[in-house]
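See below for the structure under consideration.
The values are calculated or read from the model by the stated rules, or taken from the named source; none is laboratory data. Computed from a prediction, not measured in an experiment: that's the story for all the values here. Glycine gets a Cβ as well: all are built from the backbone with ideal geometry, and neighbour counts include every protein chain shown. SASA here: full protein model, heavy atoms, side chains in, ligands and nucleic acids out. Shrake-Rupley method; radii C 1.70, N 1.55, O 1.52, S 1.80 Å.
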Amino acid sequence: MASSYDYEDSSSSRYAASDAGYDPSFVPDSVKTFVVHLYRHIREKNVYEIHQMYEGGFHRLSDRMFRDTPWPPVEAIAPFVDNDHVFCLLYREMWFRHLYARLSPTARQRVESWDNYCSLFGVVLHGVVNMQLPNQWLWDMVDEFVYQFQSYCQYRAKLMNKTEEELQLLRQNDQAWNVYGVLNYLQALVEKSMIIQILEREKEGLEQFTSTDGYDYEGGSNVLKMLGYYSMIGLLRVHCLLGDYHTGLKCLSPIDISQQGVYTIVIGSHISAIYHYGFANLMLRRYVDATREFNKILLYILKFKQYHEKSPQFDQILKKNEQMYALLAICLSLCPQAKLIEEKVSAQLKEKYGDKMLRMQRYDDEAYAVYDELFSYACPKFITPSAPLLEEPLINRNQDAYRLQLKLFLLEVKQQQLLSGLRIYLKLYSTISIGKLATYMESDEATLRSLLSTYKHKMHAVNNDGSIISNADLNFYIDEDIIHVVESKSEKRYGDYFLRQILTFEDIISKLDRVKFD
């Protein structure tokens, strides 16, 4: 097992930790052992051992020896792995990921990482890749590819304080992390892997994709197939960063996220898929879909997060968890859907955002400010895909895309703020005349009729199939100036309630049995 390998190397650890004597091309014995074993396991298609080394050994060595320095360059380790081209590309992918996580990459390193991804994906798309890699690694590859694209767009848009050398590098490498290049690679992986056809055939019982977790147990390779699968989630994320929510959801549509699937095996891909799916639906006013999926993933994290405490992704899991509670608070404030929320999730939501949600129910500037705050905290880091003009005056443009999306969101909130007041009155009555409601709303009848039409419009959205769906928790119709209100009945979950009470009573009885009376 990987854990039995002796990666500890006290002399080299001291050497790496000493800045004064740090030699970037020096390869400690523990790193030699690591790369040799990893190379051998990849050659042998030993997925279990690869996973142990990738998830365990790599991060332990990083913490112990490369906390604030890069790993040895690929040229230094290549002789120990037969100068294998594909392994060296995989090593560099990990090398750059570590660099981004622990240090601050230079402009040249950002471009070099792009070149490495181009070479790696080029081999996968056009070569013969005869290996099996863990799903976690393949997901991390796609996830990091999109992250570095996002990071580069943010870096490129911050023009103030850039040196002339950095500006020159940007001019010379204008195709690096080009939005079309990024989208083309992800789309090419989807198409070449035939993953959409595989998922279609699985529905007909002709494929065993989900039951095998995407692995090939007949001696083949899972690399192209799984990169194609995860690229659909990557495309959703890229389109969300660009503000193109329709296209993003269309890219994800071959994956049925209402069911357990291969995307749920790796918690990072599970959370990323649902976070971006929910956010895209929120921006398209499909509040019910967003609320339903946020509720499910938050309940899942609540139940299982303790099993991921030692995972390198744990901090990211917690951050996305908090962001999704904020997005759920927005969804429920714009479109109350209490019947869709599990009791445990509801309790957490009240604890985190109870006060803010009460303020969001009002239609004043304070409510508007809370929407602004929660959206700014929970939204993706939007990007402008086109390169800025590298001419004087040099100003920062990295916030432009975020400000535009915030403006559009707050415009929607502004349009809906009066609706919360209307909803409160409609929930109080089964029938009420338009004149009477207009008086309560302090408006004239013509304005109220317009507001009622707005409510109907805002509480309906168009789904992916092009059909109109309702988000409303209540409905109404007007007959001869009388508004008739029909409120949807929430299903009471008696089973959950009684199970909790039974467990509580059993606990009380067991405690009483242990009590000894004098």
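Please verify whether Met94 is in the same structural domain as Ser193 (by TED's automatic domain parsing), closer than 22 Å to Arg237 by Cβ and either at pLDDT below 95 or touching a helix residue (DSSP H, G or I) at 6+ places or on another chain (Cβ under 9 Å) (or both), treating the condition exactly as stated. Let's see the steps before the verdict.
Numbers: in the same structural domain as Ser193 (by TED's automatic domain parsing): no; closer than 22 Å to Arg237 by Cβ: yes; either at pLDDT below 95 or touching a helix residue (DSSP H, G or I) at 6+ places or on another chain (Cβ under 9 Å) (or both): yes.
For Met94, the condition - in the same structural domain as Ser193 (by TED's automatic domain parsing), closer than 22 Å to Arg237 by Cβ and either at pLDDT below 95 or touching a helix residue (DSSP H, G or I) at 6+ places or on another chain (Cβ under 9 Å) (or both) - is not met.
How about region 126-138: which of its residues are among the hydrophobic types (A, V, I, L, M, F, W, C) and either more than 25 Å from the chain's Cα centre (by Cα) or open to solvent by 10 Å² or more (accessible area, probe 1.4 Å) (or both)?
Val128, Val129, Met131
How do the helices (runs of 4 or more DSSP H) wholly within region 277-371 filter down when requiring 2 or more residues that are closer than 30 Å to Phe58 by Cα and open to solvent by 10 Å² or more (accessible area, probe 1.4 Å): which remain?
It comes to 287-304, 314-334.
Among the listed residues Asp143, Asp115, identify the single one that is charged (D, E, K, R), over 20 Å from Val35 (Cα atoms) and assigned by TED's automatic domain parsing to the domain that holds Ser193. Don't jump to the end; show me each part of the working.
Working: Asp115 fails: assigned by TED's automatic domain parsing to the domain that holds Ser193.
From the options Asp143, Asp115, the qualifying one is Asp143.
May I ask you to list the residues in region 176-186 that are part of a helix (DSSP H, G or I) and surrounded by 17 or more Cβ atoms within 10 Å (Cβ to Cβ)?
Listed by number, the residues that qualify are Val179, Val182, Leu183, Tyr185, Leu186.
Where residues in region 249-264 are within 13 Å of the chain's Cα centre (by Cα) and under 19 Å from Ser193 (Cα atoms), which of them is modelled with the lowest pLDDT?
Going through the qualifying residues, I end up with Tyr263.
Which of (1) open to solvent by less than 10 Å² (accessible area, probe 1.4 Å); (2) of a type in the set (A, V, I, L, M, F, W, C); (3) not in a helix (DSSP H, G or I) is the odd one out, the single condition Leu249 does not satisfy?
It is condition (3) that Leu249 fails.
Tally up the residues in region 406-428 that are touching a residue at least 24 places away in the same chain (Cβ under 8 Å) and either open to solvent by less than 70 Å² (accessible area, probe 1.4 Å) or in contact with a strand residue (DSSP E or B) (Cβ under 6 Å, 6 or more places away or on another chain) (or both), please.
Adding up the residues that qualify gives 13.
Can you tell me how many residues in region 82-109 are open to solvent by less than 20 Å² (accessible area, probe 1.4 Å) and either aliphatic (A, V, I, L, M) or in contact (Cβ under 8 Å) with a residue 60 or more places away in the chain (or both)?
Of the residues in that region, 5 qualify.
Regarding Arg108, is this residue farther than 30 Å from Glu165 by Cβ, modelled with pLDDT under 95 and assigned to a helix (DSSP H, G or I)?
Taking the combined requirement at face value, the residue does not satisfy it.
Give Ser113, Ser119 a once-over and let me know the one that is under 14 Å from Leu89 (Cα atoms), small (Gly, Ala, Ser) and open to solvent by less than 10 Å² (accessible area, probe 1.4 Å).
On inspection, the qualifying residue turns out to be Ser113.
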